[in-house]
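*Asks:* Pasting a structure here, questions to come.
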Amino acid sequence: MPRPLTVAAAQLGPIADDEPRASAVARMIALMEKAHRRGVELVVFPEAALTAFFPHWYMEDQAAIDRYFETEMPSAETQPLFDKARELGIAFHLGYAEIDGEHRYNTAILVGPDGTIVSKYRKVHLPGYRENEPWRPFQNLEKRYFERGNLGFPVVDALGGRVGLCICNDRRWPEVWRILGLQNAELVLLGYNTPQHDPASPAIDHLQDFHNHLSLQAGAYQNGTYVVATAKAGLEEGCEMIGGSCIVAPTGEIIAVASTRGDELVVADIDLDRCKEIRSNIFNFTAHRQPDLYTAIAEPMTAARPAPVPAK
Ligand code: CDV
């Protein structure tokens, strides 16, 4: 039985540091209205979608840092997005910086078409480092501003299928995809803020878009899942970020992709039942996996199996 769903990656262009949340929310509502006109049932917004991506600069003052975080969701400023989604009957994914008591996370939620939060994920793979590195043109301080997520890698029944969440850097780690795949994810949603330039390894700058799609396509194919991946793109506070927001089929094919680095809606009609074509055959986990030989994957690096470079 086909399980059709119309999904969209709602790419955002840059958000200026002085752009109020209300403006970012208004841009998202405009994309959601466009999505509604195109019959979309699920809209996926980027990682940390309400503000500029502040880990790109160094701050010490906790009050200054905390102004990028949400203490509640929905808040007065995000309520209009929830209201519009409920009015239009559209589910959505939203990334934001979250404060929970003394804890700070890089978080994503899935909100159902009735406006209720049906899944929540806190980012596990936080890239970068903790202290200022002034030689860089911009920073990568997620390890300074966020704690590692404590909710595992959730997959929930929603929208007629099994929906998993991860965030940005997580997409580069095959372990994340397999953990989602082992929970029978049929649709993985994620947002990203990915600089075009890597100051530590500029020789691969021209491969940033390739590595983005390579990771998404491999994750989709090897686990027989659809993926909707959404960028915050373009030149934001001195940091140029890739676009390439896309929808990937369980075959690994990109079936829709952004062509700009601005606000753009990328739409595809999918059939969640097509995941079976991969999961019943080439990646039939029950028939073909050999987990007793994979134990090293779940063990820490040791003296016997040293890390090639020390962690920062
Ligand atoms: N927000 C991210 O996690 N960005 C990383 C960059 C810093 C490498 C990414 O994996 O795209």
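*Asks:* Per residue of the range 69-83, what does 6.51 cos²θ - 1.76 cosθ + 1.60 with θ = phi - 60° give for ³J(HN,Hα)? Whole Hz please, x for Gly and Pro, Karplus curve as stated.
*Replies:* Those phi angles translate into 9, 9, 8, 8, 9, x, 10, 4, 7, 9, 3, x, 5, 4, 5 Hz.
*Asks:* Out of ASN223, ASN284, ASN212, any idea which swings most in a Gaussian network model of the chain, alpha carbons joined below 10 Å?
*Replies:* For the chain, modelled as a Gaussian network with Cα springs under 10 Å, the answer is ASN284.
*Asks:* Moving to a separate point now. Could you tally the net charge around VAL188, taking each other residue with its Cβ under 12 Å from the Cβ of VAL188, Lys/Arg +1 and Asp/Glu -1? Numbers along the way, then the final one.
*Replies:* Working: positive: ARG162, ARG171, ARG178; negative: ASP170, GLU186.
Computed value for this residue: +1.
*Asks:* Output the peptides 188-194, 161-167 sorted from most to least packed, where packing is the average of other Cβ atoms within 10 Å over each peptide's residues.
*Replies:* Descending mean neighbour count gives 188-194, 161-167.
*Asks:* Tell me, what is the per residue accessible area of the range 6-137 in Å², probe radius 1.4 Å?
*Replies:* Values: 5110 Å² over 132 residues.
Per residue, the range 6-137 has 39 Å² of solvent-accessible surface.
*Asks:* Another one. How much accessible area does THR286 have with a 1.4 Å probe, in Å² rounded to the nearest 10?
*Replies:* 130 Å²
*Asks:* Using 0.36 nm per residue of separation minus the Cα-Cα distance, give me the extension gain between GLU147 and GLN183 in nm, one decimal.
*Replies:* Residue separation times 0.36 nm, minus the Cα-Cα distance, leaves 10.5 nm.
*Asks:* Compare ALA16, ALA249, ALA220 in a GNM of the chain, Cα atoms joined below 10 Å, and give the one with the largest fluctuation.
*Replies:* Top of the fluctuation ranking is ALA16.
*Asks:* I've got another one for you. Quickly rank 232-242, 19-29 as a protection proxy: mean count of other C-beta atoms within 10 Å, highest first.
*Replies:* Listed from highest to lowest mean packing, they are 232-242, 19-29.
*Asks:* Under a Cβ-only charge scheme (Lys and Arg +1, Asp and Glu -1), can you give me the dipole magnitude of the chain about the Cα centre, in debye to the nearest 20?
*Replies:* 820 debye
*Asks:* Mind checking which aspartates and glutamates have their Cα closer than 17 Å to the Cα of LYS276? Skip sequence neighbours fewer than 8 apart in that chain.
*Replies:* Answer for LYS276, where 17 Å is the Cα cut-off: ASP157, GLU186, GLU253, listed by chain and number.
*Asks:* At a Förster radius of 30 Å, what calculated FRET efficiency corresponds to the Cβ-Cβ distance of ALA63 and HIS197, to the nearest 0.05?
*Replies:* Rounded to the nearest 0.05, the efficiency is 0.50.
*Asks:* Taking 25 Å as R0, compute the FRET efficiency from the Cβ-Cβ separation of GLU87 and ASP269 and round it to 0.05. Please report the intermediate quantities before stating the final value.
*Replies:* On the way: r = 23 Å, r/R0 = 0.91.
Taking R0 as 25 Å, the efficiency between GLU87 and ASP269 is 0.65.
*Asks:* Now for a different question. I want to make sure I understand the PRE zone here: with the label point 7 angstrom from the Cα of TRP173 toward its beta carbon, which residues in the range 121-152 have backbone N atoms less than 20 Å away?
*Replies:* Only 121-131, 140-152 fall inside the zone, counting backbone N under 20 Å.
*Asks:* Next question. Top mean-square fluctuation among LEU88, LEU293, LEU187, Gaussian network model of the chain, C-alpha springs under 10 Å?
*Replies:* LEU293
*Asks:* Determine the share of the chain's accessible area contributed by carbon and sulfur atoms, expressed in whole percent, with a 1.4 angstrom probe.
*Replies:* On the chain, the fraction of accessible area on carbon and sulfur atoms equals 56 percent.
*Asks:* Can you give the FRET efficiency to the nearest 0.05 for LEU235 and THR6, using r as the Cβ-Cβ distance and R₀ = 41 Å?
*Replies:* Numbers: r = 31 Å, r/R0 = 0.76.
Result of the calculation: an efficiency of 0.85.
The values are calculated or read from the model by the stated rules, or taken from the named source; none is laboratory data. Fair warning: this is a prediction, and the values are worked out from it, not measured in the lab. Please note: Cβ atoms are built from the backbone with ideal geometry, for glycine as well, and neighbour counts cover all protein chains shown. For the accessible areas, the whole protein counts, side chains as well, though only heavy atoms, and no ligand, DNA or RNA atoms are used. Shrake-Rupley method; radii C 1.70, N 1.55, O 1.52, S 1.80 Å.
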